[in-house]
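> I'd like to ask some things about the structure below.
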Amino acid sequence: MIDYSMFSTIQGMIVIIADLLAFALILRVYQKTKRRSAMFISLAWFFDFLTVLSYTGLNPYAVGFFLSMVSMLMLYGVLELCKEEDRAVELLKIFPIPLMAPLLALYFIGLGILAKIGMINITSGFIIMAGTHATAGVFFLLAGFSIKSIEEIYSRKARYLFVGLVLFGLHLFPIPIIYGLPSRVREVYPIIGYATSAVLIVFLTALTIKLMYSDEFSRLKTLEIPQIRIEPGVLIVDKKRYAILKEKLKDIPVLAFVRDLKEASDVWERYFITTITKEGKDNFISPTNLERITELSYRYLRMMEEKGSRGVIVLDCVEYLLMYNDFSSVMKFLNKIKDFVMHYKGTLIIVVEKEAFEDQQWALLMRLLEKAQ
C-alpha cells in the first residue's frame, strides 16, 4: 500500500525550505536596496510558508487567510516593481476588471452544480477555501500579466516569471474542488496536486530570487559611488583620448555599450553590442535594438540621480550601429540619449574616429555636441 502521507510530508518540506529561503534572500535584497517591491515579495513567500503549515494542519480558515495575504503581497510587489521601473501598470489595460464578478459567479455556480450532483461535498470551511483560492488565482494572473510591462528591462527573467505566475494562478482554481472530493478519492491528491504546487512554488521562488539578485534590480542601488570628476554634457572623443578617460573613470559605475567587454572596467555596467545571440546572456544586445539601449540609459541615469550622483554613459560602438541602422535612425537615437543625459546632468562619451564618417555626417555629429554645451 502506498504511503500517501509520506509524499505529502516530503513535498511540504521542499516547499517550506523554498519559501523560507526566498523570504530570507529577498528580504536581504530589500535591506540593501530599500526597494519596496523586494519587501512585499519577500513577505509573500513568508506567508506562503504559513499557508503550507496551515495545509498540513488541515485548517481551511487559516489557509484562506494566509493564501489571501500571499496573493495580495505578490500582486502588490509586482505592481510596485513596475512602478519603480517607470512602468506603472493600469490593471484595466491588462484585464477587464468588471468581468471578475461574473467570472467568479460562474466559478461558484460550477461548484454548486458539482455539489448538487454529489461529486463534491460542502464540508466545513469549503466556502472559505473556494473563495480565497479563486481570488488568489485572479491576483496571481494579474501579477503575471503585469510583469510583462518590464520585460524589456529584465528580459528572460521577467518572461519566465510571467509564465510561472500565470501557471500558479491557474492551478489554484481546482484545489477547492479536490478538497471537496470524497475522502477515498482525496487520498491520491498528494501525488498530483501537492507535487504540482511544489514544482510551481520552487520554480517561482527561484525566479523571484534570480530577478531580485540581478544587476538590473540591485547593482546601482548598492554601489558606493566615488566623486565623478568629469564635466556634464556630451564628449565626442577618439580612441586615444578614450584610453585616458577610461583610466580616469575606472572606479566609477559607468554604463558602457561596447564592442569589446575586456576593454571596459569590471566596475562598469557593460553591454556587448553584437549580432551574436547567446542564451542566458542578458548583457548581449543586438545593434538593431536601439530601443533597449535607450531604455537602459534612461533607467541608469535616473537611478544614479536617486543615488545622489551623475551618470556617465559610454558609447564605444557607434560605427558598428551604423552598419546595421541608417544614419538618420542613429542620429535620432543619439539625440534621445543626449536629451536624457542633459536632463539628469550626466555625461555622454561617444567614441568615434572622424575618418569613419562622411563630412556631412561628421558635421551633424558635431552639431549634436554643440547643442549639448
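> For the range 117-187, please list each of the helices (runs of 4 or more DSSP H) lying entirely inside it that holds at least 2 residues being open to solvent by less than 40 Å² (accessible area, probe 1.4 Å) and either within 20 Å of Phe66 (Cβ to Cβ) or at pLDDT 90 or above (or both).
Hits in the range 117-187: 126-147, 156-172, 175-179.
> Could you tell me which of the residues Ser265, Ser197 is modelled with pLDDT under 85, within 30 Å of Phe46 (Cα to Cα) and surrounded by 14 or more Cβ atoms within 10 Å (Cβ to Cβ)? Before the answer, list the steps.
Working: Ser265 fails: within 30 Å of Phe46 (Cα to Cα).
Criteria check complete, one pass: Ser197.
The values are calculated or read from the model by the stated rules, or taken from the named source; none is laboratory data. Everything numeric in this text was worked out from a predicted model, so none of it was measured. Note that each Cβ is placed from the backbone with ideal geometry, even for glycine, and that neighbours are counted across all protein chains shown. Remember, those area values only see protein heavy atoms, side chains included, never the ligands or the DNA or RNA. Shrake-Rupley method; radii C 1.70, N 1.55, O 1.52, S 1.80 Å.
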